[in-house]
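Structure, as structure tokens:
The values are calculated or read from the model by the stated rules, or taken from the named source; none is laboratory data. Being a predicted model, the structure only gives us computed values, none of them experimental. All Cβ positions, glycine included, derive from the backbone under ideal geometry; neighbour counts span all protein chains shown. Calculation scope for accessible area: heavy atoms of the full protein, side chains included, ligands and nucleic acids excluded. Shrake-Rupley method; radii C 1.70, N 1.55, O 1.52, S 1.80 Å.
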Amino acid sequence: MNGEELTEQETALYDRQIRVWGVDAQRRLSKSHILVSGLKGTVIEFCKNIILAGVGSLTLNDDRPVTDELLSANFLIPPDETVFGEKSLAELSCESLKDFNPMVRVSVQKGDLSSFGVDFFDKFDAVVVSCCSLNTKKSVNEKCRKSSKRVAFYTVDCRDSCGEIFVDLQDYTYSKTKMDKMTECKLQYPSFEEAIAIPWRSLPRRLSKLYFAMRVIERFEEYQGRMPGQTSAADLPNVLNLRKELCEAHSLSEHQAPDALIERLLSGTREFPPVCAVVGGILGQEVIKAISGKGDPLKNFFFFDAMDGKGIIEDIGKTNDDA
Amino acid sequence: MATEQQLSAIKGEKVLMVGAGGIGCELLKTLALSGFQDIHIIDMDTIEVSNLNRQFLFRQSHVGQSKAKVARDAVLKFRPNISITPYHANIKDPDFNVDFFKKFSVVLNGLDNLDARRHVNRLCLAAGVPLVESGTTGFLGQVTVHVKGKTECYECQPKPAPKTYPVCTITSTPSKFVHCIVWAKDLLFARLFGDKNQENDLNVRSSDASGSSEPAEDVFERKRDEDIEEYGRRVYDHVFGYNIEVALSNEDTWKKRNKPRPIYVRDVELAEVIQQNGNLDKVSVFSDPLSVSAMTTIGLKNPQDVWSLAENSRVFLEALKLFFLKREKEIGNLTFDKDDQLAVEFVTAAANIRASSFGIHLHSLFEAKGIAGNIVHAVATTNAIIAGLIVIETIKVLQDDVKNYRMTYCLEHPSRKMLLMPVEPFEPNKSCYVCSETPLTLEINTNNSKLRDFVEKIVKAKLGMNLPLIMHGSALLYEVGDDLEEDMVANYAANLDKVLAQLPSPITGGTIITVEDLQQELTCNINIKHREEFDEENEPDGMILSGWTQALAQKNDETSKENGASTSNVSQTVSLEDEEDDELQILPAFSGFAGNKRKLTDNANSSSSDLSCVGDENKDCDDSEAIVMLDGYGERKKCRVQ
Ligand SMILES: [Zn+2]
């Protein structure tokens, strides 16, 4: 037994999950610090999950004022405008998240995510970003990588009834027991920028079509200077043009990002709460794994589509050039 | 996904949720956010501290209150305009009858035990209401859809029976720690602190084996004015020393086994136990009987530590003493409760001392409590994921989108790149006794089995009936209900104690009897086959019910032939049990997954044995073997609903 022991209160509260991941994992969780930015439904689900799991602290970043749309999959804030005041989405969410587990410190960090420097991200063990531009994703990911210690980086976004998670654990070593023997496993993760820069034709065959569709729409939003999810069915012709361009550049068949799928992703801007629960649950599990060092972490994309019900892991980073 | 269409499918529908626990809290939240506006929720439980790590609608201040009611209030805070009707009640209450179920468009289960799941399955079938069923254990979970006539019902595939152990393994030849726990909990604890009139094998065996005329009761009874220390040491020496010596004298038993070592108090270093007088003062501080603790008075702090034999012995003697000093009034009425600290300490210590004797690894109090209390692993994330999947299926059910129904497995390790694996549901099993009224066969010795044995072991335990009625032709043999005439009640009570062949309308080989549950509206016919002998070890019930398993194997064989598949590894789904930690018997938490692999060819005559290999070792959530059997899942599609 190293480090402090769990208190009696912690042991009682976390009893059922200590039976899943053990005392050491629980201890590591309780010392971890998590940052989330972009508090839509999926991230709210994630916040609930890791607060219940008993992380040390959770910092919320989202200065947006509350709107009906932002509350559509939010179970933290009563739909009562009189209590909103001047408070931001993060501030209002913080108030009720605190109640979920008095042992977790929940706080708000105001400011634009892209304006924070390396030393800011350095304070965290895991950073989860959502609802932000492609550029912000890339730059936050790079800052996490420049930190002196490993800061796990995640992006999560849901469109229509689909969700995508990206994971960057950099160089990640963990041990697992196989046939009663402890073995060391080493994983190398590419950054988000590196992963999406991999030429499409060199990606594994039968890759989830969601990957390509999400990249096309992400590019579209970037070109148009739109916030993620600020799309509609009317954008379809322009997006299909962009798809054509990208697919040609990558020598990939356009069928890999089908019209119908792109149309769904563009037009379904209302959050679908069951998908938020599923994707926020998977993300919660992944962050818990990475912090506790227990279990095989996801590498490095996860896709869920409620239409076919599949929750798929794709490893995008291994290219044909890798030796 | 056409959201408008979904919203309109959801809006006017009345849904029934059974269970407001781990899955229930997540489900109620997700239903409310998704636009459901008329939700009824039933749960008989009240909130406990150990729920709070995942049942996020509850707070410390709610401990002791109704789960259903608190969950309702919590959800109305963020969706004030919907209707949630809570019932703090048991789903098996007669009020929740077929007419009650008929009011709903769909029923969603977030239950913690097989019994209630089967009950709800029957009511849904009788009422013709679709059921979405679910379960989680640790990182594993599953959601299934059951629509009468379209997909299999919850009971189309036999469920794993709760794990039981042969009596002699427990009383004489334990080889695993769980055997020691069962012994400590069900035999020793029950004998010392429980109802003295209960049958108890500890009692029987110890006197049997000794072969002396000494009445066994004397050993466990504290003599008048007997010093409590002396009494404790006497019990200790008897169960861990004398009884082992007696067992050793039966040399045949040990030819192929390691001999146990008798342990007497004098063999153990108990130095500090002797100075208990000082401890007594500390003890008196406790006001709540459930917080009296032997380990605390002895100075052991960490429940995660594995105690030495000496420490276990000290805890054993201290706990025994504390029961008599602090909780004497309860002695004679106690049953083991995982939340009773002193009981857990006593059982842990006793199991560990016995384990030492038999050369079995010792365990910490935390681990022992988990085994003794059948505490199941549970985390919030899995419940949240499963709840999301339930809502997705529910919307399909409300849209009658049959071809898209899926059962979904939530896995810990990806299989074919999938963490969430959807599988097309099976069609109904044509020979399921629950949804297809297929007769069953019961092998039983009709000359010595009483009707009571049949009611307890078959009708209740195996058929899961709640308010049974048993008929032979037009003769009523047994019935349960509030509205019975007194003479009928007396008549039935008399029948219970009669041997089958001597009933007013005798049940013998060749008889067909009808068993009915009026609440579940389930009827099944049972062909009786007389059989003289049963194997005490393998067939401890002295009766064997069979029928629908064999028929299933045949049916699936045909299916695979039709499809021209020679390698028909049709995996069978057995639901995960025990989302929660209630009063279950030793039930393998992983039975669902570990029991899944099931080759049809091996299965032709295994009505009850196909899951026999599933034991407590599968309880460990890190058991990666648990997923191996999923390989056969591709073949399931052959059983597509047509
Ligand atoms: Zn059935």
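Close amide H pairs (under 5 Å, H built 1.01 Å from N) link B:GLY547 with B:THR441, residues at least 5 positions away or on another chain. Reported to the nearest whole Å, the Cα centre-to-centre distance from region B:1-76 to region B:411-446 is 28. Per-residue mean of foreign Cβ neighbours for B:67-73 is 0 (Cβ atoms of other chains, 10 Å radius). Residues whose amide H lies under 5 Å from that of B:THR137, counting only those 5 or more places away or on a different chain, are absent; hydrogens are built 1.01 Å from N in the peptide plane.
Net length available on complete extension from B:LYS148 to B:GLU537 is 136.2 nm, with 0.36 nm assigned per residue and the Cα-Cα distance removed. Take A:170-183, B:380-393, A:300-313 and order them by the average number of nearby Cβ atoms within 10 Å per residue, most first; the result is B:380-393, A:300-313, A:170-183. Could you state the number of Å between the C-alpha centres of region A:168-190 and region B:299-333? For region B:299-333 versus region A:168-190, the Cα centre distance is 42 Å.
Rolling a 1.4 Å probe across the protein heavy atoms gives region A:195-267 an accessible surface of 50 Å² per residue. Sorting the segments B:334-347, A:277-290 by their residues' average number of neighbouring beta-carbon atoms within 10 angstrom, most packed first, yields A:277-290, B:334-347.
Computed in the context of the full set of protein chains, the accessible area of region B:283-367 at 1.4 Å probe radius has 52% of its extent on carbon or sulfur. Applying the Karplus relation 6.51 cos²θ - 1.76 cosθ + 1.60 with θ = phi - 60° to region A:238-247 yields 3J(HN,Hα) values of 5, 5, 5, 4, 5, 4, 4, 4, 5, 5 Hz, where x marks Gly and Pro. Once the 1.4 Å probe is applied to the protein heavy atoms, region B:440-546 comes out at 48 Å² accessible per residue.
What's the average, rounded to a whole number, of partner chain beta-carbon atoms within 10 Å of each residue's beta-carbon in B:26-32?
Per residue, the number of nearby Cβ atoms from other chains is 4 on average.
Only protein atoms count toward the accessible area here, which uses a 1.4 Å probe; on region B:497-538, the carbon and sulfur part of that area reaches 44 percent. Of the residues in region B:412-460, those shielded by at least 50 Å² of accessible area once partner protein chains are present, compared with the chain alone at a 1.4 Å probe, are B:LYS417, B:LEU419, B:LEU420. Phi angles of region B:362-375 translate, via the Karplus equation with coefficients 6.51, -1.76, 1.60 and θ = phi - 60°, into HN-Hα couplings of 7, 10, 6, 4, 4, 5, 4, 4, x, 6, 5, x, 6, 7 Hz per residue; Gly and Pro are given as x. Surface composition of region A:195-267: carbon and sulfur atoms hold 49% of the protein heavy-atom accessible area at a 1.4 Å probe. If one takes the accessible area of chain A alone plus chain B alone and subtracts that of the pair, with a 1.4 Å probe, what total in Å², rounded to the nearest 100, results? Protein heavy atoms only, the A-B interface buries about 4800 Å².
Across region A:46-58, rounded Karplus estimates of 3J(HN,Hα) from the backbone phi angles (6.51 cos²θ - 1.76 cosθ + 1.60, θ = phi - 60°) give 4, 4, 4, 4, 7, 5, 4, 5, x, 6, x, 8, 10 Hz, Gly and Pro being marked x.
Solvent-accessible surface of region A:25-147, averaged per residue with a 1.4 angstrom probe and all protein chains in place: 35 square angstrom.
Would you please put B:132-141, B:177-186, B:299-308, B:20-29 in order of how densely packed they are, using the mean number of other Cβ atoms within 10 angstrom per residue and starting with the highest?
Values: B:132-141: 26.4, B:177-186: 24.9, B:299-308: 15.8, B:20-29: 29.3.
The densest-packed peptide leads the list: B:20-29, B:132-141, B:177-186, B:299-308.
The residue list B:THR511, B:CYS524, B:HIS472 was ranked by how far each Cα lies along the charge dipole of region B:440-546 toward its positive end, using unit charges on Cβ atoms, and B:THR511 comes out on top.
Where only DSSP H runs of four or more residues are counted, chain A gives -12500 deg cm²/dmol as its mean residue ellipticity at 222 nm, each run worth -39500 (n - 2.57). Relative contact order, whole percent, for chain A stands at 20, derived from Cα pairs under 8 Å and 6 or more residues apart. Residue by residue along B:336-345, Cβ atoms of other protein chains within 10 Å of the local Cβ number 0 on average.
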